[in-house]
Structures are given as structure tokens and as C-alpha cells.
Amino acid sequence: MDINLKIEFIRKRLRRPVVFVGLMGAGKTSLGKALAASLKLEFVDSDDIITAHEGSSIPEIFEKSGEAHFRDLERQTLLDLAQDKDVKIIGTGGGAFMNDETRETIQSNALSLFLNAHLDVLVKRIGSGEGRPLFDGKPPEEVLAELIKERYPIYEEAHMSVATYDEPIEETLNRVQQTLYSHLMAG
């Protein structure tokens, strides 16, 4: 089927937000923006909402108030976004889907899509990891390998999963659109 017909089908059938989940560097923001543009929908990044509301960067929130406070803000922000009646595309922080309550909110009120990136792709995209609280001076490859082991089994609970590679974004976007189309056709 022609991609334009698939996009039109998705636009007509999509009744809930699409929430991208996955590790940092998987492409949640770039693919979220690209999907939103292709569907003529709004893209919202939960981290951007939190930092604007708090007037602080995520590392500053972690340092000043702790990770637990950040996760509370994240959970409430995603609850608000997922329950909003306007269909939109939502990017999340890598840890959002790990929280049971946040995951349940997303699964009940939105369509979750796991961007499954291999370690080498993540390492290339993250670089030194500077400015990311989870690295805290540790080698990104080690931290990311541990996060993959810990988080991927939970991310696999998402409604849909798309592999991401070191390739042009249009190729990954095509797989995302095809996966969303297939999911909506089946449901």
C-alpha cells in the first residue's frame, strides 16, 4: 500500500496518543517529531515540560531534589499528557516506562512504542554522556549495557516495538509508520 494511504489511515484511526519509550539515544525525540510531522499532529517531550515547569535542567533537578522527585514529576506529566483528549505524539525520558504506575497510565491511555536500539547505536549517539545524570562519570558503554539488561524486558511490554539502526531517519520512520499501521489494522 502507498505510504500516503497508510498515513491517512493512521490519521483517521488513531484515537490515543502514541508514546515513544526506550533508552536515551534510541531516537524518541527525533522519530517522535518526524512521526508527528508526517501525521500533522503535535509532538510533546515530557522532559521539556518538566524542565520548563521546574525552571531547571534535568541534571539540576536530580542534584537539587533527587531522582525520586524527578520520577514523581515525570509520572504526573505523563498522566496529564496521556489523559489529554487531543491525540499527539509523546517522547519520554528513558526511565519513565520503568515506573509501574507510569507504565500502567501509558498502557491504559495511549499506544506505547518501544524503540529498540542496539548497544553500538546507542553508544555512537550518546558520545561521552556528558550532561546525563545516569552516567555520573562512568563509561557510557558500561552504563548502557547495564540499562539494556535491566530495562529492555520492561520496554518489551509496550504495545509495539521497532528496531532502530544507524541509518537515515526516513528508513526508521517508515518502519514506525508500518508498525503503527499494522497495529491499528489488527485492533
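Could you tell me whether segment 131-145 includes any residue that is β-branched (Val, Ile, Thr), modelled with pLDDT of 95 or more and assigned to a helix (DSSP H, G or I)? Don't jump to the end; show me each part of the working.
Step one: of segment 131-145, the residues β-branched (Val, Ile, Thr) are 143.
Within this subset, residues satisfying the condition of being modelled with pLDDT of 95 or more are none.
No, the conditions are met nowhere in segment 131-145.
Return the only residue of Lys64, Lys85 being over 12 Å from the mean Cα position of the chain (by Cα), under 23 Å from Asn109 (Cα atoms) and surrounded by fewer than 20 Cβ atoms within 10 Å (Cβ to Cβ). Steps first, answer last, please.
Details: Lys64 fails: under 23 Å from Asn109 (Cα atoms).
Within the list Lys64, Lys85, the selection yields Lys85.
Considering each residue of segment 88-107, count those that are surrounded by fewer than 18 Cβ atoms within 10 Å (Cβ to Cβ), in contact (Cβ under 8 Å) with a residue 24 or more places away in the chain and part of a helix (DSSP H, G or I), and give that number.
The qualifying residues number 3.
Can you give me the number of residues within segment 15-59 that are farther than 21 Å from Gln107 by Cβ, aliphatic (A, V, I, L, M) and in contact with a strand residue (DSSP E or B) (Cβ under 7 Å, 6 or more places away or on another chain)?
Qualifying residue count for the region: 0.
Starting from residues that are hydrophobic (A, V, I, L, M, F, W, C) and farther than 21 Å from Thr105 by Cβ, keep the ones in segment 1-14 and report whichever is surrounded by the most Cβ atoms within 10 Å (Cβ to Cβ).
Step by step, filter segment 1-14, then rank; the result is Ile10.
The values are calculated or read from the model by the stated rules, or taken from the named source; none is laboratory data. Please read all numbers here as calculations on a predicted model, not as lab measurements. Counting neighbours? That spans all protein chains shown, and the Cβs are built from the backbone with ideal geometry, glycine included.
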